[in-house]
Amino acid sequence: MTAGRPARGFTLIELLVVLAVMALLVSLVAPRYLDRVDGAREAVLRHNLQGLRTAIDQFYRDKARYPTSLDELAAQRYVRAVPVDPLTGSARTWVAVPPTGGAGVFDIKSGATGRAGDGSDYAYW
């Protein structure tokens, strides 16, 4: 260091203050971000359920019977592919509900466990 030149850089106190402010901001933003991610997954689940139920109804109107599986819906081109359940991350966790006294897929439910943001169980959607 030469005479008359101030030292460059930050002091330890300045760095600690900046890190404390950043930690405070992250602690305020992170829960809101995670709530938004969960809300988006729930919205996609509702959309997928609505699309699958519409495809099942259309299949029944066209063929006068219910599909034997979700794969049959995809094979008959009522859906492009069986969608992935956004909560379980798999297309194989859908729970098929058969019609009373018959066979096939009358309704579809999510295989996810737990509760939604509104307090309802995913299994009842």
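The values are calculated or read from the model by the stated rules, or taken from the named source; none is laboratory data. Model, not experiment: these values are computed from the prediction. In this analysis, Cβ positions are derived from the backbone assuming ideal geometry, glycine residues included, and neighbour counts consider all displayed protein chains.
Test Arg53 against the stated conditions and say whether it is of a type in the set (D, E, K, R) and either under 21 Å from the mean Cα position of the chain (by Cα) or closer than 24 Å to Asp118 by Cα (or both). I'd like the intermediate steps shown before the answer.
Numbers: of a type in the set (D, E, K, R): yes; either under 21 Å from the mean Cα position of the chain (by Cα) or closer than 24 Å to Asp118 by Cα (or both): yes.
The answer is yes for Arg53.
Considering Arg92, Arg53, Arg61, which residue is within 15 Å of Lys109 (Cβ to Cβ), part of a helix (DSSP H, G or I) and out of contact with any helix residue (DSSP H, G or I) (no Cβ under 8 Å at 6 or more places or on another chain)? Just one listed residue meets the conditions, Arg53.
Counting only residues that are of a type in the set (S, T, N, Q) and loosely packed, with under 13 Cβ neighbours inside 10 Å, the range 91-112 holds 1 of them.
When every residue of the range 59-66 is checked against the conditions, at least one turns out to be surrounded by 17 or more Cβ atoms within 10 Å (Cβ to Cβ) and at pLDDT 95 or above. Scanning the range 99-114 for residues being in contact (Cβ under 8 Å) with a residue 24 or more places away in the chain and part of a loop (DSSP other than H, G, I, E, B) gives a total of 10.
Every condition in (1) hydrophobic (A, V, I, L, M, F, W, C); (2) modelled with pLDDT of 95 or more; (3) more than 15 Å from Ala96 (Cα to Cα) holds for Leu52 except the one numbered (3). Scanning the range 70-87 for residues that are more than 21 Å from the chain's Cα centre (by Cα), part of a loop (DSSP other than H, G, I, E, B) and buried (at least 19 other Cβ atoms within 10 Å of the Cβ) returns a single hit, Tyr78.
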